[in-house]
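S.K.: Got a structure for you, questions after.
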Amino acid sequence: MKNVVLFGGGNIAQAIIKGLINSGYKRNGIFYIDRSTKNQKILSKLRIKNLKNHKSVKIDLFILAVKPKDALSAYREILEKYKNPKIVSCVAGIKSQKYLKIKKNIQFLRAMPNTSSEFNLGITALFNSSFKKNNLKKVISLFVRVGIIIELEKEAKIDTFTGMIGSGPAYFFYILKSYEKKLMNLCNKDKKKINNIMVNLMKGVGLSIENNDLDSLINAVASKKGTTEAGLESFKTNSLDKVFEKGLDSAIKRSKEISNEC
C-alpha cells in the first residue's frame, strides 16, 4: 500500500499514524480526512497531509477511524468520491453487512487495533469480508508494522476483542491510578518519578509473561504469609477477578449494542 488515507484523525488514527511513521513508513504516503481543527493541528505537526489539498493522489487504501454514528455517512462519502475504493473499518460495533448493503462489489474488511499501535506494540483483530487475497496480504503487512495481528474466522468475535483488547489499555490505566495514589506519598508527589516507576513495573510484568504461565509467576512473587499473599487474599475475598470479568462482559455487550444503534 503506497498511499493510505485515515478517514478520521482522532486517537486511534493518530496511534496508527505514529506507529507507521516509527516503523519507517513514508509520511508522504499517509493522508487524512478530518473536520476537527484540533486533530488537523496535531496531524499537521506530524507532517501528515490533508487529502482535501491533494485530491489528485491515487489512494490505495482508506481506513475508517470515526465514531460509530459517523461511520456509514463517511463510508458513503468515500464511495461517492472514489471509484472502487478499498476500505478498512476500524469502527467498533458496526457489522460488515451494514456497509456492504450500501454497496456490495467492494473490497471491505474490519480491523480493530488498539492505541498501543502508537508504540508498535498494538494488537489488531482482522475480519475479512470481501478483500481479495493479494490485497488482504497488503493490509496485513500494513498493520503488522504497528504490532501483532489476529485474523478472526467469525465476525462476531470482534465484539469480544473490542471489549477486551481494543479497550484493554484503559483498564490497565484505571488500575494504575491506585498505584499512582499510593506512590504520591512515597515519592513526595514527584509525578515524573511516579510515572517512571509505573513504566518499569509494567515493562517488567510484560517481559515476565513472555515465557511463563501466570500461576507460576504469581507463586514466584507470593511467599508464605508475606505481603503479596496478604494483598492477593484481599483480592480473592473481594472477588476482584469476578468484578473485572463483569467489566469485560459489559464492554463486550456494549460493542454488540452499538451495531444495533447505527
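S.K.: Wholly within region 1-91, which helices (runs of 4 or more DSSP H) include no fewer than the required count, namely at least 3 residues that are exposed (fewer than 15 other Cβ atoms within 10 Å of the Cβ)? Reasoning before the result, please.
M.R.: Values: elements: 11-22, 37-45, 68-81.
Those helices (runs of 4 or more DSSP H) span 37-45, 68-81.
S.K.: Okay, moving on. Evaluate region 154-168: report whether one residue or more is open to solvent by 70 Å² or more (accessible area, probe 1.4 Å) and in contact with a strand residue (DSSP E or B) (Cβ under 8 Å, 6 or more places away or on another chain).
M.R.: yes
S.K.: Only residues that are within 18 Å of Ala74 (Cβ to Cβ) and aromatic (Phe, Trp, Tyr): list them for region 10-47, please.
M.R.: Phe31, Tyr32
S.K.: Further, regarding this structure: Identify all residues within region 104-140 that are open to solvent by 60 Å² or more (accessible area, probe 1.4 Å), more than 25 Å from Leu72 (Cβ to Cβ) and outside any helix (DSSP H, G or I); write none if there are none.
M.R.: Scanning region 104-140 gives a single hit, Leu121.
S.K.: Report yes if some residue within region 168-180 is hydrophobic (A, V, I, L, M, F, W, C) and over 30 Å from Gly93 (Cα atoms); otherwise report no. So that I can check it myself, show each step before the final result.
M.R.: Of the residues in region 168-180, the ones hydrophobic (A, V, I, L, M, F, W, C) are 170, 172-173, 175-176.
Now restrict to residues that are over 30 Å from Gly93 (Cα atoms): none.
There is no residue in region 168-180 that is hydrophobic (A, V, I, L, M, F, W, C) and over 30 Å from Gly93 (Cα atoms).
To keep it simple, each residue is scored yes or no on (1) modelled with pLDDT under 95; (2) open to solvent by less than 50 Å² (accessible area, probe 1.4 Å).
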residue: Asn219; (1), (2): yes, no
residue: Ser223; (1), (2): yes, no
residue: Ser234; (1), (2): no, no
residue: Asn238; (1), (2): no, no
residue: Leu248; (1), (2): yes, yes
residue: Lys256; (1), (2): yes, no
residue: Ser259; (1), (2): yes, yes
residue: Cys262; (1), (2): yes, no
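The values are calculated or read from the model by the stated rules, or taken from the named source; none is laboratory data. None of these values were measured; they are calculated from a predicted model. Neighbour counts are summed over all protein chains in view; Cβ atoms, including those assigned to glycine, are modelled from backbone coordinates with ideal geometry. Calculation scope for accessible area: heavy atoms of the full protein, side chains included, ligands and nucleic acids excluded. Shrake-Rupley method; radii C 1.70, N 1.55, O 1.52, S 1.80 Å.
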